[in-house]
Amino acid sequence: MTILVTGATGRVGRNVVEQLTKRGASVRVLTRDPAKTIFNGDVEVAKGDLLDFDALRNAFNGVRTLFLLNAVTGDEFTQAIIALNAARAAGIERVVYLSVFDADRAVNVPHFAVKFGAERMLEAMGFSATILRPSYFIDNEVMIKDVIMNYNVYPMPIGSKGVAMVDARDIAEVAAIELIRRDQAPGKLPIETINLVGPDTLTGADAAAIWTEVLGRPVAYGGDDPSGFEANMATFMPKWMAYEMRLMAERYVSDGMIPEAGDRERLTGILGRPLHTYRDFAAALVG
């Protein structure tokens, strides 16, 4: 049967599609712009979005398993509600959902609260689901690369508790493995939650030290005050979203994103390889 991937043109979704096709899965993607869907392997494309119920009906036809990724938008929760209702109506029970680390605790951060709401829907509606809870994406550092390179400052206020940043490639490969496991299961599997974390729990000072090593010149940590970070984000994203990023950063400072016992071992067991490191990503970004 077919696996439907939403968010297939983004950092995680594109890698999910690649991992699924490498494993011989039958893949369909839902996208607003089919022109952006250039993938290796045979991938079916369905045009539409998560707010278009007719498009969802068409996209879900013949699908057994869903990868649900909702981008951070003002109507993210509406998208999740419609998508899960449409999946239910189409008879789809098997879902892998991309949530976020500590979704049940960081309730003042909008997209965390939204994702926890979707998690509760999956449970209440009786889906057979794997809930993936990734920590801060290493790949987000692309957004601050120029600040680091031009001003020798690591500007992301992640604090001193530590954040176990995770690589999008690791997120995607775990997602693909879980999608295939659910899709090929002879019957309904129980809901499981997997924390997706990186191999190192880094503070702001730790991240600055890694950039110092990679660049061969001193890089300072910009500190825990999120005001400058919010102002910078607001130059290229809506102000409400920049404020949301500030709330997320405040959560990093107050609580960190600390793996639970066994999280890393579980991931390396699923992947059969080590997790990608922050240092290797930074070195590759510098080139």
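Here are some notes:
- Cα gyration tensor, the range 1-159 - rounded (a/c under 1.5), prolate or oblate: oblate
- Computed magnitude of the charge dipole of the chain (debye, nearest 20; Cβ of K, R +1, Cβ of D, E -1): 700 debye
- Applying 1/(1 + (r/R0)^6) with R0 = 30 Å to the Cβ-Cβ distance of LEU189 and ALA113 gives a FRET efficiency near 0.65.
- Amide H partners (placed H, <5 Å) of GLU192, local residues excluded: ALA129, THR130, ILE131
- Mean separation of Cα contacts under 8 Å (6+ apart) over length of the chain, as relative contact order %: 18 percent
- Sparse packing (at most 15 other Cβ atoms within 10 Å of the Cβ) combined with a DSSP loop state is found for the following chymotrypsin sites (Phe, Trp or Tyr not before Pro) in the range 222-278: PHE236.
- The range 1-57: Cα Rg divided by the 2.2 N^0.38 Å rule of thumb: 1.04
- P(r) tail fraction, the range 96-201 - alpha-carbon pairs more than 21 Å apart, %: 45 percent
- Helix axis angle, 204-215 relative to the chain longest principal axis, alpha carbon, degrees: 80 degrees
- Distance distribution note for the range 163-234: the fraction of Cα pairs above 20 angstrom is 57%.
- Helix 168-184 and the longest principal axis of the Cα set of the chain meet at an angle near 20°.
- Net charge over other residues, Cβ less than 11 angstrom from the Cβ of ASP104 (K, R count +1; D, E count -1): +2
- In summary, the lysines within cross-link reach of LYS188, defined as a Cα separation below 23 angstrom excluding same-chain residues under 8 places away, comprise LYS115.
- Positive-end ranking of ASN70, VAL27, ALA103 along the dipole of the chain, with charges on Cβ about the Cα centre, is headed by VAL27.
- Partners of LYS47 within straight-line reach, counting lysines whose Cα lies under 19 Å from its Cα and excluding those fewer than 8 residues away in the same chain: LYS36.
- Rounded to whole Hz, the Karplus (6.51, -1.76, 1.60) HN-Hα couplings of the range 266-274, x for glycine and proline: 4, 5, 5, x, 5, 7, x, 7, x
- Taking Cβ atoms as reference points and 9 Å as the exclusive limit, the residues near GLY48 contribute a net charge of -1, counting Lys and Arg as +1 and Asp and Glu as -1.
- Cα gyration tensor category, rounded, prolate or oblate, for the range 154-287 with a/c compared to 1.5: prolate
Any read-out appearing in this document is the output of simple, stated calculations on the displayed coordinates, not a laboratory observation. Everything numeric here is computed off the predicted structure, so don't read it as measured data. Glycine also receives a Cβ, built like all others from the backbone with ideal geometry; neighbour counts cover every protein chain displayed.
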